[in-house]
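The values are calculated or read from the model by the stated rules, or taken from the named source; none is laboratory data. From a predicted model like this one, the values you see are computed outputs, not experimental measurements. Every residue, glycine among them, receives a Cβ derived from its backbone with ideal geometry; neighbour counts consider all protein chains shown.
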Amino acid sequence: MSKVPRSFRLLEELEKGEKGLGPESCSYGLADSDDIAMVHWNGTILGPPHSNHENRIYSVALECDEGYPDQPPKIKFLSKINLPCVNQTTGEVESDRFETLKNWKRSYTMETVLLDLRKEMAFPANKKLPQPPEGSTF
Amino acid sequence: MASLPKRIIKETERLVSDPVPGITAIPHEDNLRYFEVTIEGPEQSPYENGVFGLELFLPDDYPMEAPKVRFLTKIYHPNIDRLGRICLDVLKTNWSPALQIRTVLLSVQALLASPNPNDPLANDVAEDWLQHEDAAIAKAREWTKLYATRQ
Amino acid sequence: MYVPVMTTCGHNYCYDCISNWLVSNNASELTCPQCRSPLEHPPALNATLQHLLSVVIEIGAGSDPQLGRTRAQSIAQYKNDVENNILYKDVFNNTAVAVVDDDDGVARCSNCHWEVEGDVCPHCNARMRNRTREYDEDEEEEILTDDSIQRSFSGARNSSTTVRADSISSSESEYGEDLDSDTDYVRDFNRNVGESRSRPAPFGSARDILNRINAQDRRQNSEDEDENDSDLNSFIVDEAEEDELEESSYTSSREGKSARVPVRLDDSDNSGDEDKERDSDFWEHNDEDGFASGDNLDSDGGADEDTGRKIKKRRFQVIEDSDEED
């Protein structure tokens, strides 16, 4: 398999996101549709059922810099959330506490990150964690 | 990386030894399927005197699948969107393995010479083009000067 | 080029190369890479050219053992395909019609009942004959880039093949020279692109190329329609006899009696509200891969409030049994 360059990889992801071909439990798109470098992205995660996140929609900001997809994106929660891997002051997802970022593979996408964060929310140890009021932001 | 198919090697050699006037395509050293491309704006088009940067990638299935091409230089054109994506039949439904990198880039250059606002990718630009053609062409000229001037 | 085959429009290709192209070509019509003429019949072995090439190759480079092997493989592959009646991976016979299921309004492949999204069934790779070309080009690109379609090719069942199996020259004389199928291909199309009068040379005006392409496209479109009309009746009859499963949809569509009923498909129907009613099992199952197993990628469409999901509309024409061709 040849290495798809960063920009074409991001265009593929954008297309998938725009067309809603991905799962319905998360979504993502460019933060600025004029951003030819495609660095800044917005995402949402629908809280998993049977957890304190049920029916909540979390907004996140993703940043895919020059190193992506060889390097993981930076990801930050905009909506307040109580999760062990999320820095409680900034909302940033800390890569050493989140397996997907820690053991990043080139084949992972922004969708992988969002879905794995959702799994993190549904994880037995996390799903009943007390959560800040809905709608509050970092 | 898997070895490069002979066809790609041949095409690359020919692009270097026998370049198309007004077009350059140079493979990246670390990825020989990924090309840095420049296309000169065609004469007597609003893009005249502009030099546009593009990128081109040959996917695994090339030549059964079309190359992927995108503008990196901002351009005001009804068939090119704000991310530089190009709406061109030969890059999509009308791809044929008999086409090559050079013919694809020539088609892109031809698209600059004859914008087609009836089959738009950038809807706002196309509307502008259909309703106020002179103003749209003037804007395309202005953008060419602003963003596509040779350094 | 060890096994040269010639299309009905007169262009020669290596058997492997053209097979790959035809299989990966997801447009409604199989076309010649060179001139884009629709290919209704499988290209036939060009024995004269094969003989000429064998002479050239022998003169060119006596006995390269590796090329000898490549050549033997190519020829063996062709022979095998001839014997098993699967020339060109059977793409010329493997066709079906998109039939709209009355229960859910979903278009399905009449061969395998899989949901059909594009011109080619993602499950059995059958080519839909009643596809219209009115949909958005962007949508088609998504189909083209989905290489699963190509890979999921399953050789599909088929009856009544009419492929004429030309026997291949069996003389296994040593071929040699620094030629392999890639270079052959390049030479082949260089020769054709560069010298053929049927197409502007790559150095010709780019506008000419575009004009030419557009003209061909228009011609091709009109031919597509003719093709659809002429072939459908017999096909439907055959299929209905063979396939009990299809009985209901065929019967109901025959009762309609009008020649063509355009049916609008809206993929995004099964989104939003419906999903919220699904139980937790549904979510657990669907989270992992993003879509339920066995489901077509597109059918999982959920309306995400935040992405402003683009509503997809595809048009199928269901062509029904009528007497006009009999």
> Hey, does the range A:92-99 have a residue that's part of a strand (DSSP E or B) and out of contact with any Phe, Trp or Tyr (no Cβ under 6 Å at 6 or more places or on another chain)?
Replying inline: yes
> Considering only residues of the range B:1-51 that are of a type in the set (Asp, Glu) and away from chain C (no Cβ under 14 Å), which is nearest to B:Leu72 (Cα to Cα)?
Replying inline: B:Glu36
> Here are B:Ala135, B:Ala113: which of them is facing another protein chain (nearest Cβ under 8 Å), surrounded by fewer than 19 Cβ atoms within 10 Å (Cβ to Cβ), over 14 Å from B:Lys68 (Cα atoms) and out of contact with any strand residue (DSSP E or B) (no Cβ under 6 Å at 6 or more places or on another chain)?
Replying inline: B:Ala113
> For A:Met121, which of the numbered conditions (1) in contact with a strand residue (DSSP E or B) (Cβ under 8 Å, 6 or more places away or on another chain); (2) under 12 Å from A:Ile75 (Cα atoms) fails to hold?
Replying inline: (2)
> Does B:Asp89 count as surrounded by fewer than 20 Cβ atoms within 10 Å (Cβ to Cβ), within 28 Å of C:Cys17 (Cα to Cα), under 17 Å from the mean Cα position of the chain (by Cα) and at pLDDT below 95?
Replying inline: yes
> Can we say B:Phe35 is crowded, with 17+ Cβ neighbours inside 10 Å and touching an Asp or Glu at 6+ places or on another chain (Cβ under 8 Å)?
Replying inline: yes
> When you go through (1) facing chain C (nearest Cβ under 10 Å); (2) part of a loop (DSSP other than H, G, I, E, B); (3) of a type outside the set (Gly, Ala, Ser); (4) more than 28 Å from A:Leu129 (Cβ to Cβ) one by one for A:Asp34, which number turns out not to apply?
Replying inline: (1)
> Among C:Ala72, C:Ala76, which is without any contact (Cβ under 8 Å) to a residue 24 or more places away in the chain and closer than 22 Å to C:Tyr2 by Cα?
Replying inline: C:Ala76
>> Name the residue that is farthest from C:Thr7 (Cα to Cα), counting only residues in the range C:48-59 that are surrounded by 15 or more Cβ atoms within 10 Å (Cβ to Cβ) and in contact (Cβ under 8 Å) with a residue 60 or more places away in the chain.
In response: C:Glu58
> Looking at (1) surrounded by 20 or more Cβ atoms within 10 Å (Cβ to Cβ); (2) within 16 Å of the chain's Cα centre (by Cα); (3) aliphatic (A, V, I, L, M); (4) away from chain C (no Cβ under 11 Å), which is the only condition A:Leu46 fails?
Replying inline: (4)
> Identify, please: which residue in the range A:8-31 is within 7 Å of another protein chain (Cβ to nearest Cβ) and within 12 Å of the chain's Cα centre (by Cα) and is, among those, nearest to B:Glu55 (Cα to Cα)?
Replying inline: A:Gly29
